[in-house]
1. Would you mind checking 22/184; 139/180; 71/104 for any pair whose Cα atoms are more than 22 angstrom apart?
2. Quick one: the Cα spread of segment 16-97 along its three principal axes, in angstroms, biggest first?
3. If Rh is defined by the Kirkwood formula over all Cα pairs and Rg also comes from Cα, what ratio Rg/Rh do you get for segment 59-186?
4. Counting Lys and Arg as +1 and Asp and Glu as -1, each charge on the Cβ, what is the dipole of the chain about the Cα centre in debye, to the nearest 20?
5. Could you give the distance between the Cα centres of segment 136-172 and segment 36-69, to the whole Å?
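What follows draws every value from the coordinates through simple rules; no lab data is involved. Source: prediction; values computed, not measured. Note that each Cβ is placed from the backbone with ideal geometry, even for glycine, and that neighbours are counted across all protein chains shown.
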Amino acid sequence: MDGSRFVENKPTLTFGARGIAKVDMTLFGPNVPVHSGQYGNFIPNPIYEASRLISSLKDSDGKVLIPNWYKDVQIDENELALINKDMQPSLSIAHDFGVSSYEKVGQSYQESLQYPSLNIRGIASGFVGKKARTIIPDKVEISIDIRLVPELGGEEAIRLLRQHLRAIGYRLLQNDPDAKTRKKIF
């Protein structure tokens with residue numbers, strides 16, 4: 001089943017699933033990869049910029065830091081009691097997947113599914129392993145999925161993400177920048 005279920009293999013009633021919005025973005029560096037021995041400490045590396053951008057999205061507990069992300073999500077006490085009743089302990093679920101902790105967006109695994117999520121599903125840049133090269137890469141590609149709830153739809157989630165990125169200093173473009181645009185903004 002693609003979706004949530006009772007992890008201890010007990011019968012589960014599913015009343016819906018979170019929707020999805022997808023965002024792909026590219027952060028640009030030099031117009032071609034350049035040698036780090038010759039241009040390191042001079043030409044900005046877009047991977048560092050990507051790490052700053054990613055760090056601005058969630059706190060150490062896994063909560064999304066984008067203003068108003070959770071604003072309209074309301075779970076009343078009765079719903080919360082039902083959600084958390086007889087559930088497998090969250091730490092046990094984390095251990096089942098080989099991790100020592102879990103994000104604390106909700107008080108339990110099941111409660112966390114009631115909130116919109118933001119997931120970095122992939123990053124690509126440069127070269128690693130046997131193909132590693134001593135370069136400053138020309139770009140970083142980041143792919144994000146946002147899991148939606150009734151209180152936060154796709155258009156609003158993307159609007160909030162864009163607003164956040166602009167507020168922390170990013171210039172957003174719909175297409176790859178041409179040479180003239182690159183010189184103005186990079």
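1. 22/184
2. Computed over segment 16-97, the largest-to-smallest principal extents equal 62, 31, 21 Å.
3. 1.07
4. 1120 debye
5. 13 Å
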